[in-house]
1. Distance in nm between label sites at SER60 and THR4, each 7 Å beyond Cα in the beta-carbon direction?
2. Could you pull the accessible area for SER60 with a 1.4 Å probe, rounded to 10 Å²?
Amino acid sequence: MTKTCVFQPGVLGVGARVRIFWKPPAGYQLGDIVVTASTSGLGSVLAPITGFSLASNTTSNGDGSYTTAVPTNLLGGLLGLGSELEIAFQVKHASGWLSVPASVASNAGLLAGLGGNCRNLT
């Protein structure tokens, strides 16, 4: 992670997203990254985010780092009612090996994104 993540609540919770700032390790590219989310709280099994495209939701910052916006609507009911959700980035090698996750935790707040936040875990 290159900067602290940001929770953007959108308008009354519509269009809410988590912006994550990161840089892959030397020798790896955007296509080598897998994005997952915990499905039942921090420390739980990480699973792919359904309907999420890393390439479509990521912009290059020109210095080898990236900014990824994860729309909270893709996280279904997981991010809401004050619950916290972990979003993780991992490098996947051609051999199938996965790196230790670099993660952020986000909380959408209780109503329409009010009180929502995000913090880097690693």
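The values are calculated or read from the model by the stated rules, or taken from the named source; none is laboratory data. What you are looking at is a predicted structure, and each value in this text was computed from that prediction instead of being measured. Every residue, glycine as well, gets a Cβ built from its backbone with ideal geometry; the counts of neighbours run over all protein chains shown. Ligands, DNA and RNA are excluded from the accessible area calculation, which covers all protein heavy atoms including side chains. Shrake-Rupley method; radii C 1.70, N 1.55, O 1.52, S 1.80 Å.
1. Going from the SER60 label point to the THR4 one covers 2.9 nm.
2. Surface open to solvent at SER60 totals about 80 Å².
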